[in-house]
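Data first, discussion second: the structure below is written as C-alpha cells.
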C-alpha cells in the first residue's frame, strides 16, 4: 500500500452504490493498471492511497462476507 500525490487527470473515479447521491463522507476509487487508487471525495486534490488488485479483491470479499453475516449497516446518526 502506498500514497501518491498526483495520479493522471483522466481517471474514472467511482463511489460505492451504497453511498447514495447526497452523502458527503465517502471514498472514491479508480482502477489503474497496477490496482486501485482510493481518495477522499471531499478532498480529491489530496494524496491518494494505492492498493494492488489482490488487496482490493480481498477487501471487497471481506466486506461482502461482513455485510451478509450482519446485514446492512445502520446509518450513523
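One table, with the values for the structure above:
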item	result
Ranked list, fewest to most other Cβ atoms within 10 Å of each Cβ, for 40, 58	58, 40
Length gained when the stretch residue 15-residue 66 is fully extended (0.36 nm per residue, less Cα-Cα span)	16.4 nm
Within region 29-45: backbone nitrogen closer than 17 Å to the residue 55 label point (7 Å, Cα to C-beta)	29-40
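No lab work stands behind these numbers, since they all come straight from the coordinates. Bear in mind that the values here come from a model prediction, so they are computed numbers and not experimental data. Cβ: placed from backbone, ideal geometry, glycine included. Neighbour counts: every protein chain shown.
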